[in-house]
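Asker: Quick one: the structure is below, and I'll ask about it shortly.
The values are calculated or read from the model by the stated rules, or taken from the named source; none is laboratory data. Not measured: the values here are computed from a predicted model. Virtual Cβ from ideal backbone geometry, glycine too; neighbours counted across all protein chains shown. Side chains included, ligands, DNA and RNA excluded: accessible areas come from the protein's heavy atoms. Shrake-Rupley method; radii C 1.70, N 1.55, O 1.52, S 1.80 Å.
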Amino acid sequence: MSTILFHEEEKILTKSNNTIKQCEENKILLDDFEQLAKDYKKLLKQTKFLVKMSDKQQSQLTTMTEKLQSSNIKLQNEAEHAIRANEEKLAQFLDAVSIGVFVLDADGHFYYANQKAREILGDEIFMTKGLPEIYRAYIADSNTIYPNQSQPIIQALQGKFTTVDNMEIHKGKKIIPIEVWGTPIFNECEQLIYAMTAFQNITERKESEKERINFIEELASLNRAYERFVPRQFLSLLEKKSIVDINLGEHVEKEMTILFADIRDFTSLSEKLTPQENFNFINSYLSQMDEVIHKNNGFIDKYIGDAIMALFNNADDAVRGAISMLNRLVDYNNERVSAGYEAIKIGIGLNTGALMIGIVGGRNRMDGTVISDAVNLASRVEGLTKVYGTPILITEHTYEKLADPNKYLMRIIDATRVQGKSEEITVYEVFDADSPASIALKNSTIEDFEPGFVLYNSDEVNDAKALFEKVLMVNPQDKAAQVHLENCERVLSTKMPENLTILIVDDISENIKVLSRFLTGKQFKVLIAKNGKDALKTVELIKPHLILLDIMMPKMSGFEVCEHLKSNPKTINIPIIFMTALSDAEDKIKGFGLGAVDYITKPFQKEEVLVRIKTHLHLSHLQQKAQWYIKKANECQYIKR
């Protein structure tokens with residue numbers, strides 16, 4: 001509207017100017033002038049109205065602006081008041097907690113400390129504008145200043161979360177152990193805005209720990225006093241309601257399953273620990289296994305160092321208990337590794353049989369015990385777990401007592417003879433607690449493993465060897481298969497080969513020609529060397545079963561060749577027969593001293609040579625066989641704890 005009015009004003013003013021000019025020229029009429037005056041008055045009136053309206057609107061706008069400013073100031077004041085109130089409440093809350101809290105800004109300047117922080121650290125360290133000096137913080141149980149860069153508040157300023165419990169505050173003669181948590185605080189742009197530490201006085205905890213140690217010592221003392229009494233586990237087996245009903249010599253015969261469990265390499269492990277650490281380790285381990293055994297309806301008869309002997313009323317409970325022990329061991333090892341300790345392995349042996357359970361001792365000291373060959377056998381079988389690299393082994397007696405053997409993952413491991421027993425005992429591996437990968441590999445090879453075991457025990461050693469090699473191609477980590485393969489190889493190595501190899505070492509071609517033709521005709525494979533160096537090279541490539549060695553050779557004598565061969569572990573057992581024209585006793589003594597088994601004097605008789613060769617080949621075979629049987633007996637057939 002104002003645009004239209006002002007447009008009319010321009011028209012009226014223009015018209016006024018024209019009228020004035022006409023007046024000057026006396027050309028205007030009176031009526032026109034009067035009309036112009038009216039229009040001008042009207043325009044003036046409208047202009048005044050517009051000015052008035054504009055002033056009113058300006059006044060209203062000013063009023064609204066003042067109201068908005070007043071409202072904003074009020075809201076700002078209310079917000080600041082709310083923030084101050086919340087900060088006061090937070091401060092009151094933080095002052096009420098028993099944990100010290102102090103905060104630095106991103107530049108490391110002091111921002112806040114609650115009452116507990118001031119109480120523990122002292123007010124004066126928070127008066128600086130820069131980083132508070134925490135130089136009264138010491139490494140626990142020492143007078144060494146805590147390293148600045150390792151302090152949680154410094155770590156928090158670097159954006160790291162940390163926790164330490166090895167710090168002490170020294171205030172005069174007073175020492176305050178503290179546990180400290182360092183926490184960086186970030187804004188929504190992930191920029192560090194504050195570094196906060198929370199800490200608490202752990203004096204009571206330290207004192208409690210000392211009290212706990214004292215309590216353990218008192219408990220150990222009480223346990224030693226109670227060792228005169230029969231363990232409570234025997235009460236139910238002996239059908240006694242109270243320990244006061246127990247009398248020396250009381251016993252009962254029962255068929256039970258015995259479990260022996262032992263920690264692998266415990267001696268080397270314990271040597272790395274202090275006595276207290278050993279005590280803690282054994283107790284933590286045994287408490288884990290104790291719980292599992294009891295959950296599977298068994299009870300621990302005794303602890304033998306790091307070993308456990310437990311009894312079960314039926315075989316299935318015992319097998320399930322053994323599997324559960326290994327499963328629990330996985331969790332326990334995870335805890336040990338997380339705490340910085342190495343994982344442990346255990347072996348478990350099970351056997352089922354008749355037991356005599358009773359009370360032995362004297363008037364001042366009685367104990368419950370189990371007497372039976374079945375116990376000894378369980379212990380021996382546990383020892384076999386080391387040989388075959390299997391965590392659980394059970395005897396055929398336990399296998400036969402299982403309600404359904406097919407419920408478990410098992411394979412036959414060996415038929416072995418235990419010390420003091422004439423009959424062989426069949427032993428089975430239970431591998432339910434293996435890793436999924438190990439279970440899959442053993443299941444996929446069991447159709448070769450068990451037939452290989454049968455063939456080996458049926459003296460079909462070559463066929464058994466092929467099957468065990470097939471198993472190891474699929475599962476190279478199968479130690480039981482490796483043991484059986486080594487047994488096959490030892491048996492085969494002690495059998496007289498069909499084609500025996502003889503190495504003839506002589507610098508006279510005619511001697512070589514005669515002996516070679518003769519021995520080849522007797523179904524021997526013949527190798528030839530015309531000097532000592534060639535002989536040593538030949539033996540490196542092909543190991544002969546026997547060597548005919550001339551003494552008198554140029555450059556390297558037969559004595560020197562023999563000395564080289566007997567100093568090499570790979571060739572030390574090869575029989576060597578010297579061929580020589582020398583007949584002096586000193587030469588023969590020297591030859592025997594170097595390791596030769598016989599002498600053939602030139603010129604030689606072919607039949608004599610043949611007899612001597614066959615004799616010493618047979619003796620060598622018997623010697624190897626005897627060594628193998630001795631080694632096998634020491635390794636696995638007569639396992640001793």
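Asker: Restricting attention to strands (runs of 3 or more DSSP E) lying wholly within segment 351-470, give those where 2 or more residues are at pLDDT 90 or above.
Answerer: Per the criteria, 392-395, 410-416, 425-430.
Asker: Could I ask something else about it? Please go through (1) surrounded by fewer than 16 Cβ atoms within 10 Å (Cβ to Cβ); (2) more than 19 Å from F518 (Cβ to Cβ) for T601 and return the number of the only condition it doesn't satisfy.
Answerer: Status for T601: all satisfied but (2).
Asker: Also, quick follow-up: How many residues does segment 153-171 contain that are loosely packed, with under 13 Cβ neighbours inside 10 Å and among the hydrophobic types (A, V, I, L, M, F, W, C)?
Answerer: Summing the residues that are loosely packed, with under 13 Cβ neighbours inside 10 Å and among the hydrophobic types (A, V, I, L, M, F, W, C) in segment 153-171 gives 1.
Asker: A follow-up question, please. Can you list residue pairs whose Cβ atoms sit under 7 Å apart, with the first residue in segment 434-457 being β-branched (V, I, T) and the second being part of a helix (DSSP H, G or I) and open to solvent by 30 Å² or more (accessible area, probe 1.4 Å)? Count only pairs 6 or more apart in sequence or on different chains.
Answerer: T445/V474
Asker: Scan (1) farther than 30 Å from A440 by Cβ; (2) part of a helix (DSSP H, G or I) for the single condition H484 breaks and write down its number.
Answerer: Checking H484 against (1) farther than 30 Å from A440 by Cβ; (2) part of a helix (DSSP H, G or I), the one that fails is (1).
Asker: Quick check on segment 172-206: of everything there that is among the acidic types (D, E) and open to solvent by 100 Å² or more (accessible area, probe 1.4 Å), which residue is nearest to G122 (Cα to Cα)?
Answerer: Taking the candidates together, the pick is E204.
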